[in-house]
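The values are calculated or read from the model by the stated rules, or taken from the named source; none is laboratory data. Values in this document were obtained by computation on a predicted structure and should not be read as measured data. With ideal geometry, Cβ positions are generated from the backbone for all residues, glycine too; neighbour counts draw on all protein chains shown. In case anyone asks, the SASA skips ligands and DNA or RNA and just uses the protein heavy atoms, side chains included. Shrake-Rupley method; radii C 1.70, N 1.55, O 1.52, S 1.80 Å.
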Amino acid sequence: MDTVRIAVVGAGVIGLSTAACVSQLVPRCSVTVISDRFTPDTTSNVAAGMLIPPTYPDTPVPTLKRWFRETFQHLSEIARSAEAVDAGIHLVSGWQIFRSVPTEEVPFWADVVLGFREMTEAELKRFPQYEFGQAFTTLKCETSAYLPWLEKRQFETQKAQGTNNSTEEGRKA
């Protein structure tokens, strides 16, 4: 059987994570990441993300919850590993506060994060403009560490000539 060749466009957190997942899920594939910029020169490098899932109106809640649970479990494994500091993945506790009580007081992901609860009145007093809040522990990804960690684990660097006589860096899994 021939090797499946897959290209992923973009070398930010989504592109590199996608390339890593594809290379693990598709046996004997060759994944090339195509981008005009790689770490540390991507927009993702200056970001950090707390893992809280969005909702998408056309995606059923059970699907959203499955995606979130899988992501939370995957990143939790990294956070518990010896590579957590290098990967920039760690637990973080905090609040999510609202100016009015949301329609869904207990979000679909409440049983996935750690220690989800409604904030107490005493806690809410610290934020007088807000009427409702939730407290929980989730994961935080420092992408300035995560992107190089992903590259180090998943890709070897190769140079490829661009069609406009400029050099692009391609990275193959």
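Basic side chains Lys and Arg get +1 at the Cβ, acidic Asp and Glu get -1 at the Cβ, and with that the dipole of the chain about its Cα centre reaches some 280 debye. Each of the peptides 22-32, 69-79 was scored by the mean count of other Cβ atoms within 10 Å over its residues; in descending order, highest first, they stand as 69-79, 22-32.
The apolar share of the surface of the stretch 1-95, taken as the fraction of accessible area on carbon and sulfur atoms (1.4 Å probe, ligands and nucleic acids excluded), comes to 58 percent. Principal axis extents of the C-alpha atoms in the stretch 1-61 (largest first, rounded to whole Å): 40, 35, 16. Each peptide in 115-122, 38-45 gets a packing score, the mean of other Cβ atoms within 10 Å over its residues, and the list from highest to lowest is 38-45, 115-122. Give me the base-10 log of I(q)/I(0) for the chain at each q in 0.11, 0.13, 0.18 Å⁻¹, Debye formula, one uniform scatterer per Cα, rounded to two decimals. Log-scaled intensity ratios, in q order: -0.60, -0.78, -1.19. Rounded to the nearest 20 debye, the dipole magnitude of the stretch 45-126 is 140 debye, with +1 charges on Lys and Arg beta carbons, -1 on Asp and Glu beta carbons, and the Cα centre as origin. Counting only aspartates and glutamates at least 8 places from LYS125 when in the same chain, those with an alpha carbon closer than 20 Å to its own are GLU105. Each helix, a run of at least 4 DSSP H residues, gives -39500 (n - 2.57); summed and divided by the residues of the chain, these come to -9000 deg cm²/dmol at 222 nm.
The antiparallel fraction among DSSP beta bridges confined to the chain stands at about 80%.
Expressed per residue, the C-alpha convex hull volume of the stretch 99-146 stands at 119 Å³. Note that the chain presents 64 Å² accessible area per residue, ligands and nucleic acids not counted, probe 1.4 Å.
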